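Contents: one structure, followed by commentary.
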Amino acid sequence: MNENVDIRVPVLIVGGSLVGLSASVFLGRLGIEHLLVERHRATSTHPRGRGNNVRTMEVFRTAGAEADIRRAASVLADNHGILQAFSLTGDDQEWLFKEIDPGGGIARFSPTGWCLCSQNDLEPVLLKQAREQGGDLRFSTEMQSFDQDSSGVDAVLKNRETGEHISVRADYLVAADGPRSPIREQLRIGRTGPGDLFHNVSITFRSRKLADVLGERRFIVCYLTNPAADGALLPVDNTKDWVFHAPWKPQLGETLEDFTEERCAEHIRTAVGAPDIDVEITGKAPWHAAERVAERYSSGRVFLAGDSAHEMSPTGAFGSNTGIQDAHNLAWKLAAVLKGEAGPGLLDTYEAERLPVARATSARASARSSEHSHPGYSAAPGVGGGKQGGMLGVALGYRYVRGAVLGTDPEQPVVPQGVQLNGEPGSRAPHLWVHQGGERKSTLDLYEQTMVLLTDGADVAWRRAAARVADRLQVRLQAYGIGSGAELEPENGSDWAALHGTTARGAVLVRPDGFVAWRSTGPAADAESTLHEVLTTLLHRS
């Protein structure tokens, strides 16, 4: 261990994009001191990674960021669905789907919903919140090297503006440094999967006349299929700013320099089917769609998160959402270990839980690109794995069959058919509207800072046992009674026990990330001994 260091910090986060910033927010909410470094000067200026699914919005809701995110996303609040068309001026047009949530069905499962917020709008919100929570976030700073030993990680940072070098000693390192992750490469962690799927050039442009062509149509994305100029059109503000993803074929010798402003403008006009619209190119950037998942998510005290751990086809925005949820899963576990509430073995469950989710989700993302005939993508036989159910099941219904959970069936699929949120261990806990002290909230709002035990309001045995066990183990465990006249009163007389797959004499233990860790369907002969054993096992306490 290096004793002569400039900074000592529990967690060092490398990478200040969506996943790194989310990790900073989640750790800050849990009171964990950390340092984040990002090599770029500021947050992203390119409108990409816009689809935030319902599970991502749930974790941002519990982190107190949802309202600010929706304000930042207000300009696209009325955009829904995916349109596929030969052009925007012809008759050959078809909605692949017109509404993200037709009929409002998501309200049965969640207190929130999807949100269309581009990365360039979302990142500043997360940055502001992370700094307000006391996070030390440094841009124009890159990690030049790192080494680890059994008790921590030593890193050397460089300020790219001043040239100053800083040494850091951290207990843990989170690698949120992107798909070409130097950290993953140094750790020699391989990746599996089909690899590159297709390549695009993302072109930002201004056009006021394009809004007239669109009229009242408001979509998330339009796939334009004219073979002479195919691509994907995405609105930025529905009036003058737009993005166009044009297929790029570097395997045929095509270079980024071949995409001149003149070529890009003509391509857009042809694709749209409006040769006379104004097109002012404001930027272009290459991006590569791929399906790759790391073979391991950690090495010693270093953990991969986001694109460093997995790459996914962009259809469905699964990649950024999976990465944000990686950070959420890892944050509570790091906090529990750093606060002495859990043993180091809890951190092994990060890979056990998140790696299978990434594999299943990346296959679904590729399959969806094939189903939607994403411009530039010609699926090879077997790539994508065929249809695997709807988006909501993948976004919200995935479950942990191994990890910090008890009572699961390891042979069950990670992503089941449909959405089955019935209190089963390993699944996201059910949503139920309750009233607490006159305030209406979702049960999901209870899950962030501590483990939570839900019991019937008329049965105090579990709650008394929880208080004694929490005191004995020195862990944070909040127990709530649910029922008429109890601390939590279900709205409309809902049966909380049936919703959670238990009985009025049972109990449900929910983790800080909102996933069910364990449940009992009836009274325990010795509730205190039962809870002691459960928590000791889940938290890897010897």
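Quick check: is even one residue across the stretch 463-473 in contact (Cβ under 8 Å) with a residue 40 or more places away in the chain and either touching a Gly at 6+ places or on another chain (Cβ under 9 Å) or assigned to a strand (DSSP E or B) (or both)? No, there is no match, as no residue in the stretch 463-473 is in contact (Cβ under 8 Å) with a residue 40 or more places away in the chain and either touching a Gly at 6+ places or on another chain (Cβ under 9 Å) or assigned to a strand (DSSP E or B) (or both). Residues in the stretch 498-519 that are among the small types (Gly, Ala, Ser) and either more than 31 Å from the chain's Cα centre (by Cα) or crowded, with 21+ Cβ neighbours inside 10 Å (or both): Ala504, Gly506, Ala507, Gly514, Ala517. Of all residues assigned to the stretch 88-98, at least one qualifies as being aliphatic (A, V, I, L, M), surrounded by 16 or more Cβ atoms within 10 Å (Cβ to Cβ) and at pLDDT 95 or above. With the structure loaded, tell me whether Thr455 is closer than 29 Å to Tyr350 by Cα, open to solvent by less than 10 Å² (accessible area, probe 1.4 Å) and touching a residue at least 12 places away in the same chain (Cβ under 8 Å) or whether it fails that test. Here the answer is yes, as Thr455 does meet what is asked.
Here Arg440 passes the criteria (1) part of a strand (DSSP E or B); (2) open to solvent by 30 Å² or more (accessible area, probe 1.4 Å); (3) without any contact (Cβ under 8 Å) to a residue 40 or more places away in the chain except the one numbered (3). In a residue-by-residue description of the stretch 389-396, the property of being at pLDDT 90 or above and under 28 Å from Glu491 (Cβ atoms) applies to at least one position. One residue stands out in the stretch 50-66 among those that are more than 13 Å from the chain's Cα centre (by Cα) and within 29 Å of Ser202 (Cα to Cα): the one that is surrounded by the most Cβ atoms within 10 Å (Cβ to Cβ), namely Ala65. When Arg292, Arg359, Arg296 are screened for being among the basic types (Lys, Arg), part of a loop (DSSP other than H, G, I, E, B) and open to solvent by 10 Å² or more (accessible area, probe 1.4 Å), only Arg296 passes. Just one residue in the set Leu473, Leu531 is in contact with a helix residue (DSSP H, G or I) (Cβ under 8 Å, 6 or more places away or on another chain), surrounded by fewer than 18 Cβ atoms within 10 Å (Cβ to Cβ) and modelled with pLDDT of 95 or more; that residue is Leu473.
Residue-wise test of (1) in contact (Cβ under 8 Å) with a residue 60 or more places away in the chain; (2) in a loop (DSSP other than H, G, I, E, B); (3) in contact with a Gly (Cβ under 9 Å, 6 or more places away or on another chain).
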site	(1), (2), (3)
Glu489	no, no, yes
Gly501	yes, yes, yes
Val516	yes, no, yes
Glu528	yes, no, no
Leu531	yes, no, no
Thr537	yes, no, no
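Of the numbered criteria (1) modelled with pLDDT of 95 or more; (2) crowded, with 21+ Cβ neighbours inside 10 Å; (3) within 23 Å of Cys222 (Cβ to Cβ), the one Thr112 fails is (3).
Does Glu142 fit the bill of being open to solvent by 30 Å² or more (accessible area, probe 1.4 Å) and at pLDDT 95 or above? It is true that Glu142 is open to solvent by 30 Å² or more (accessible area, probe 1.4 Å) and at pLDDT 95 or above. Within the stretch 153-181, the residues that satisfy the criterion of being without any contact (Cβ under 8 Å) to a residue 12 or more places away in the chain and not β-branched (Val, Ile, Thr) are Gly163, Glu164, Arg180. Per the conditions (1) at pLDDT 95 or above; (2) open to solvent by 30 Å² or more (accessible area, probe 1.4 Å), the sole criterion not satisfied by Leu137 is (2). Looking across the stretch 259-288 at every residue that is polar (S, T, N, Q) and not in a strand (DSSP E or B), the one that is surrounded by the fewest Cβ atoms within 10 Å (Cβ to Cβ) is identified as Thr260. When the residues of the stretch 160-182 are narrowed to those that are out of contact with any strand residue (DSSP E or B) (no Cβ under 9 Å at 6 or more places or on another chain) and open to solvent by less than 90 Å² (accessible area, probe 1.4 Å), which ends up farthest from Ala42 (Cα to Cα)? The residue in question is Gly163. For the stretch 1-49, the set of residues classified as of a type in the set (S, T, N, Q), crowded, with 24+ Cβ neighbours inside 10 Å and under 30 Å from Thr282 (Cα atoms) consists of Ser22 only.
Report whether or not Ser118 is surrounded by 20 or more Cβ atoms within 10 Å (Cβ to Cβ), at pLDDT below 95, under 30 Å from Val14 (Cα atoms) and not charged (D, E, K, R). Against the criterion (surrounded by 20 or more Cβ atoms within 10 Å (Cβ to Cβ), at pLDDT below 95, under 30 Å from Val14 (Cα atoms) and not charged (D, E, K, R)), Ser118 qualifies.
The values are calculated or read from the model by the stated rules, or taken from the named source; none is laboratory data. Remember, it's a predicted structure, so these values are computed and weren't measured experimentally. Cβ atoms come from the backbone with ideal geometry, glycine included; neighbour counts cover every protein chain shown. Quick note on the areas: whole protein, heavy atoms, side chains included, nothing else; ligands and nucleic acids left out. Shrake-Rupley method; radii C 1.70, N 1.55, O 1.52, S 1.80 Å.
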